[in-house]
1. If you go through segment 38-64 one residue at a time, how many are at pLDDT below 90 and either more than 20 Å from residue 9 (Cα to Cα) or assigned to a helix (DSSP H, G or I) (or both)?
2. Could you please tell me which pairs satisfy a Cβ distance under 7 Å, a separation of 6+ or placement on different chains, a first residue in segment 1-26 that is outside any helix (DSSP H, G or I), and a second residue that is exposed (fewer than 13 other Cβ atoms within 10 Å of the Cβ)?
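The values are calculated or read from the model by the stated rules, or taken from the named source; none is laboratory data. Here the structure is a predicted model, which means the values were calculated and not measured. Virtual Cβ from ideal backbone geometry, glycine too; neighbours counted across all protein chains shown.
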């Protein structure tokens, strides 16, 4: 887990984690759009926020 934490603090780590979160958000939003499930909308929103955080950290070079 420490290795994963160190990797996540790198620019490449932010990119990888951000893309994974974007993928989860798009799948959840797609399913929520069809089903109207509130829990899937919440998951999509949470993953979208995580993607945006990772994307901003990748661009700015922030390590937190």
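1. 0
2. Short answer, once both residue conditions are applied: 9/63.
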